[in-house]
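Trainee: Before anything else, here's the structure in question.
The values are calculated or read from the model by the stated rules, or taken from the named source; none is laboratory data. This one's a predicted model, so the numbers in the text were calculated from it and none came from an experiment. Note that each Cβ is placed from the backbone with ideal geometry, even for glycine, and that neighbours are counted across all protein chains shown. What goes into the accessible areas is simple: the full protein's heavy atoms, side chains included, and nothing from ligands, DNA or RNA. Shrake-Rupley method; radii C 1.70, N 1.55, O 1.52, S 1.80 Å.
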Amino acid sequence: MTDTTLAPAPAAASAARPEVREIGIIMNGVSGRMGYRQHLVRSILAIRDQGGIELADGSKVTVKPLLVGRSEAKLAELAAKHGIEDYTTDLDAALADPRWEIYADFLVTKARATALRKAIAAGKTIYTEKPTAESVDEALELAKLAATAGVKTGVVHDKLYLPGLQKLKRLIDSGFFGRILSVRGEFGYWVFEGDWQPAQRPSWNYRVEDGGGIIVDMFPHWNYVLENLFGEVTSVYAQASTHIPTRWDENGEPYTATAEDAAYGIFELAGGAVAQINSSWTVRVNRDELVEFHVDGTHGSAVVGLFGAKIQHRNATPKPVWNPDLADDHDYDADWAEVPTNDVFQNGFRQQWEEFLESYVLGTEYEYDLLAGARGVLLAEVGLQSAREGRKLELPTLSLD
């Protein structure tokens, strides 16, 4: 339904806790690729279709989405396709309606802060994609506004829920690595220029004036991966490059790429470990998965990707000898053992949605909040500054005080 035909509000709920509680969620930006595939279809609709989330006391929480966007025709098409009753082009009306308890934001970064401010002013619980803002000052301001208003917030930390990284977390918690020394990350793939083959990423990704650039896109991810698995990032040195200066847009027209398409970062971590992560849309893949992390520790090492994880303990480490004059026929890959998949891993976006909804209903603290999101924006901002100035920069500590 449109903004003029929203269904009437139901009668007041009973004071007793219902067996199934339905939570209304405003979903702004679901016509975009990430908002549609991961958040609407694979998360919220999947939760709805399974009958909700069962809590420890046996009760259930289910969800009811309200689609919000600029095109009523697109919203109507999505709603009809997925059996959704409510949609609107009027965000202000949606925020003013008490039936919708949570505001979820999947807009482009440039539009996000304005919408989040409105949601905070309306007292809505917030769940948002990242980056949470275009600058760290704005991201920190949003975190402070939410804290002052008593608004619960959550920021997407999807990479932590990848099966490979969950296996890595289990290895870390078990003490497998001993003291972690270093982390080497490789992320990326070849994004076609758009002239002889269509590009598989939107053209705005390569225009800094539209919020594009791989540092803004990926450094917020690397911040929460590093700080939650290995230690807080204390300094960064980044090299940014625009390797392909001309690309072709969705209409086949050439344009100048003003944003970097590759970034090479070195991150010092609290505790002494060093992380090196390459992020690139101009690399042809020669690895098992599109993202891989190689972790070395005193007692063992691991290589993990989206799904897989393999390990090598110090007791099983070979003793290579460098000799450039003789071919080395040792099969080093065979020295690694696969980590078994002992758990059932569901879609990472959905898993985090379920955790956030449960935290919302139970009133528990949620660590991946707007302040955590601001730290991701900080790393991107300082990373860009480091690339401009060609030097290592320390990261300040952010707080709500």
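Trainee: Kindly provide the set of residues from segment 356-387 that are acidic (Asp, Glu) and farther than 28 Å from Ile215 by Cβ, ordered by number.
Mentor: Passing the criteria: Glu358, Glu365.
Trainee: Still on this model: Are any residues in segment 204-252 surrounded by 17 or more Cβ atoms within 10 Å (Cβ to Cβ) and hydroxyl-bearing (Ser, Thr, Tyr), and if so, which ones?
Mentor: Tyr206, Tyr224, Tyr237, Thr242
Trainee: Looking at segment 176-190 only, could you name the residues that are under 15 Å from Val291 (Cβ atoms) and surrounded by 17 or more Cβ atoms within 10 Å (Cβ to Cβ)? It would help to see each step written out before you state the result.
Mentor: As a first pass, look at segment 176-190 and keep what is under 15 Å from Val291 (Cβ atoms): 183-190.
Correct list: Val183, Gly185, Glu186, Phe187, Gly188.
Trainee: Name the pairs: first residue in segment 322-348 and closer than 16 Å to Tyr161 by Cβ, second residue open to solvent by less than 70 Å² (accessible area, probe 1.4 Å) and part of a loop (DSSP other than H, G, I, E, B), Cβ to Cβ under 8 Å, at least 6 apart or on different chains?
Mentor: If the second residue must be open to solvent by less than 70 Å² (accessible area, probe 1.4 Å) and part of a loop (DSSP other than H, G, I, E, B), the pairs left are Gly348/Leu162.
Trainee: Next question. Step by step: first the residues of segment 360-375, then only those that are touching a strand residue (DSSP E or B) at 6+ places or on another chain (Cβ under 8 Å) and among the small types (Gly, Ala, Ser), then the one that is surrounded by the most Cβ atoms within 10 Å (Cβ to Cβ). Which residue is that?
Mentor: This residue is Gly373.
Trainee: Okay, next question. So which strands (runs of 3 or more DSSP E) stay within segment 287-340 end to end and still have 3 or more residues that are open to solvent by 30 Å² or more (accessible area, probe 1.4 Å) and on the phi < 0 side of the Ramachandran plot?
Mentor: Those strands (runs of 3 or more DSSP E) span 291-297, 309-313.
Here is a yes/no grid of residues against (1) within 23 Å of Leu362 (Cα to Cα); (2) in contact with a helix residue (DSSP H, G or I) (Cβ under 8 Å, 6 or more places away or on another chain); (3) not hydroxyl-bearing (Ser, Thr, Tyr):
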position: Arg70; (1), (2), (3): no, no, yes
position: Ala80; (1), (2), (3): no, no, yes
position: Thr88; (1), (2), (3): no, yes, no
position: Arg112; (1), (2), (3): no, no, yes
position: Lys124; (1), (2), (3): yes, yes, yes
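Trainee: Out of everything in segment 165-192 that is part of a strand (DSSP E or B) and aliphatic (A, V, I, L, M), what residue ends up being nearest to the chain's Cα centre (by Cα)?
Mentor: That would be Val183.
Trainee: Next question. Looking at this structure, is Gly35 in contact (Cβ under 8 Å) with a residue 60 or more places away in the chain, at positive phi, surrounded by 20 or more Cβ atoms within 10 Å (Cβ to Cβ) and under 23 Å from the mean Cα position of the chain (by Cα)?
Mentor: no
Trainee: Continuing with this model, one more query. Give me the pairs, please: first residue somewhere in segment 350-363 and within 15 Å of Ser59 (Cα to Cα), second residue anywhere and of a type in the set (Gly, Ala, Ser) and assigned to a helix (DSSP H, G or I), beta-carbon distance under 9 Å, and either six or more positions apart or on two chains.
Mentor: From residues that are within 15 Å of Ser59 (Cα to Cα), the pairs are Glu354/Ser43.
Trainee: Also, I was wondering about something else. Can you tell me which residues in segment 147-164 are assigned to a helix (DSSP H, G or I) and either out of contact with any Phe, Trp or Tyr (no Cβ under 8 Å at 6 or more places or on another chain) or without any contact (Cβ under 8 Å) to a residue 12 or more places away in the chain (or both)?
Mentor: Ala147, Thr148, Ala149
Trainee: Report, by residue number, each residue of segment 308-321 that is touching an Asp or Glu at 6+ places or on another chain (Cβ under 7 Å) and touching a residue at least 60 places away in the same chain (Cβ under 8 Å).
Mentor: Gly308 - this is the single residue of segment 308-321 that is touching an Asp or Glu at 6+ places or on another chain (Cβ under 7 Å) and touching a residue at least 60 places away in the same chain (Cβ under 8 Å).
Trainee: Can I ask one more? Restricting to segment 42-65, name every residue that is open to solvent by less than 30 Å² (accessible area, probe 1.4 Å), outside any strand (DSSP E or B) and under 15 Å from Phe106 (Cβ atoms).
Mentor: Ser43, Ile44, Leu45
Here's the yes/no breakdown for (1) among the hydrophobic types (A, V, I, L, M, F, W, C); (2) within 29 Å of Val304 (Cα to Cα):
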position	(1), (2)
Phe187	yes, yes
Glu193	no, no
Gln200	no, yes
Arg207	no, no
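Trainee: Among the residues of segment 190-198, is there at least one that is at negative phi and small (Gly, Ala, Ser)? Show your work before the answer.
Mentor: Taking segment 190-198 as the starting set, the residues that turn out to be at negative phi are 190-193, 195-198.
Then keep just the ones that are small (Gly, Ala, Ser); that gives none.
No.
Trainee: Further, regarding this structure: Only one of Gly305, Gly300, Gly252 is within 15 Å of Glu186 (Cβ to Cβ), among the small types (Gly, Ala, Ser) and at pLDDT 95 or above. Can you tell me which?
Mentor: After ruling out the rest, the residue left standing is Gly305.
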